[in-house]
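Enquirer: Below: one structure in structure tokens.
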Amino acid sequence: MSDPDGNEHLSSAQAGVPQPPEAAPEAAEDTTEQKLRVSHAARTRSAASRAAAICHYIGQHSSDETDEKHEGGTADERISWKSAHAARVAAQAVAVLAESSPAPAADSRCARNASASAAQAAQMGQLHDSSSELSVAACRAALKASQAAAAAAGAGGLGENETLNAKADAAEADAVATAEEAGWMLPGQDLPEVSTGIRSPDLMSMLHL
């Protein structure tokens, strides 16, 4: 979906709880690539949901009233901008995945990039929360999820290694759970749309598109 300026948007449904892609009507049964896509798509959307939720959380709990002004904006403004950028790049990964045919290597790179963006958003969440115990734990889990997603997409797996994919799925579930404990996410939260803007050249390069 796009706005009058041509910017694409990720709907709250796309940013929220992952929904498996629908199989082609003519397909009698899923191919291996289609089955792998379900896993990678779920992690991509889950990570994008985490990034969007953290961005929303920061926006709802930020105040510039007592924040000292610096060149480039207040500390809150910088944290908000960086979390919004992370959410946007994660949304781009979801958009790319939705537009392509199942391909484990490319699909896993989408999951990897969304998870890396969610980890960046988590770092902003930790800064926003002044490194509270729960925010530190949530940020650590987000970083582990990013590392696991990178391993699943790496040369040793290329999105097809069942063990690496399972570890990435488990790490993503843990990242969601700790984000909820930190108050960054709410189960079933209806998130606002995230604009994908102009797609990052870096993202497209990493996806080899």
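Enquirer: Working carefully through the options Ala141, Ala179, find the one that is assigned to a helix (DSSP H, G or I), touching a residue at least 40 places away in the same chain (Cβ under 8 Å) and surrounded by 20 or more Cβ atoms within 10 Å (Cβ to Cβ).
Expert: Ala179
Enquirer: Mind checking whether some residue in segment 153-169 is farther than 17 Å from Ser39 by Cα and open to solvent by 40 Å² or more (accessible area, probe 1.4 Å)?
Expert: Yes, segment 153-169 has at least one match.
Enquirer: Here are the criteria: (1) hydrophobic (A, V, I, L, M, F, W, C); (2) buried (at least 20 other Cβ atoms within 10 Å of the Cβ); (3) out of contact with any helix residue (DSSP H, G or I) (no Cβ under 8 Å at 6 or more places or on another chain). Tell me which single one Val96 does not satisfy.
Expert: Tallying (1) hydrophobic (A, V, I, L, M, F, W, C); (2) buried (at least 20 other Cβ atoms within 10 Å of the Cβ); (3) out of contact with any helix residue (DSSP H, G or I) (no Cβ under 8 Å at 6 or more places or on another chain), Val96 fails exactly one: (3).
Enquirer: May I pose another question? Across segment 32-82, which residue is modelled with the highest pLDDT among those that are more than 20 Å from Cys110 (Cβ to Cβ) and open to solvent by less than 10 Å² (accessible area, probe 1.4 Å)?
Expert: Ile58
Enquirer: From the set of residues in segment 190-208 that are in a loop (DSSP other than H, G, I, E, B) and open to solvent by less than 50 Å² (accessible area, probe 1.4 Å), which is modelled with the lowest pLDDT?
Expert: Among residues in segment 190-208 that are in a loop (DSSP other than H, G, I, E, B) and open to solvent by less than 50 Å² (accessible area, probe 1.4 Å), the one modelled with the lowest pLDDT is Leu207.
The values are calculated or read from the model by the stated rules, or taken from the named source; none is laboratory data. Quick caveat, the model's predicted, so the values are computed rather than measured. Neighbour counts are summed over all protein chains in view; Cβ atoms, including those assigned to glycine, are modelled from backbone coordinates with ideal geometry. Ligands, DNA and RNA are excluded from the accessible area calculation, which covers all protein heavy atoms including side chains. Shrake-Rupley method; radii C 1.70, N 1.55, O 1.52, S 1.80 Å.
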